[in-house]
1. Tell me which of these ALA56 doesn't satisfy, since it passes every other one: (1) touching a helix residue (DSSP H, G or I) at 6+ places or on another chain (Cβ under 7 Å); (2) at positive phi.
2. Take the residues in region 48-58 that are under 21 Å from the mean Cα position of the chain (by Cα) and surrounded by fewer than 13 Cβ atoms within 10 Å (Cβ to Cβ), then tell me which one is modelled with the highest pLDDT.
3. Please indicate, with yes or no, whether at least one residue in region 17-40 is in a helix (DSSP H, G or I) and either modelled with pLDDT under 90 or more than 19 Å from the chain's Cα centre (by Cα) (or both).
4. So, restricting to helices (runs of 4 or more DSSP H) that lie completely within region 41-88, which ones have at least 1 residues that are in contact (Cβ under 8 Å) with a residue 60 or more places away in the chain and either within 30 Å of GLU21 (Cβ to Cβ) or not hydroxyl-bearing (Ser, Thr, Tyr) (or both)?
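The values are calculated or read from the model by the stated rules, or taken from the named source; none is laboratory data. The structure displayed is predicted, hence computed values, not measured ones. Note: ideal-geometry Cβ built from the backbone for every residue, glycine included; neighbour counts use all protein chains shown.
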Amino acid sequence: MPSTPRWRVPENSPTTPQRSESDVDSERLVILEELAMDDDSPDDVAHRMFASQLFADHPLGRETAGDRDTVQAINAAEVFAKARRIAQ
């Protein structure tokens, strides 16, 4: 009977991503740039205003990327904690 191969997941794999605070800071800048680009598009501004009025306090009335205040306020520890909760 052939032996069953043993598989070992390397420590540095997609299941154990390497993250750093600078990664969060870099992504924050990207998101802030995207939000600024949306403000330059009349279609995006109109859609955002319409959705916020139509859906009021429902999550559908909010931007998926957040707003400038929330993006600037979140820190790396919060991002990593959320990622751990999702991965469980």
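1. Unmet condition: (1).
2. Kept after step one, since they are under 21 Å from the mean Cα position of the chain (by Cα), are these residues of region 48-58: 48, 51-52, 57-58.
Checking which are surrounded by fewer than 13 Cβ atoms within 10 Å (Cβ to Cβ) leaves us with 57-58.
Details: ASP57: 90, HIS58: 94.
Ranking the qualifying residues of region 48-58, first place goes to HIS58.
3. Our first condition is that a residue be in a helix (DSSP H, G or I); within region 17-40, this holds for 21-39.
Subsequent filtering for residues that are either modelled with pLDDT under 90 or more than 19 Å from the chain's Cα centre (by Cα) (or both) retains 39.
Checked region 17-40: at least one residue is in a helix (DSSP H, G or I) and either modelled with pLDDT under 90 or more than 19 Å from the chain's Cα centre (by Cα) (or both).
4. Values: elements: 42-55, 68-73, 76-87.
The helices (runs of 4 or more DSSP H) meeting that bar are 76-87.
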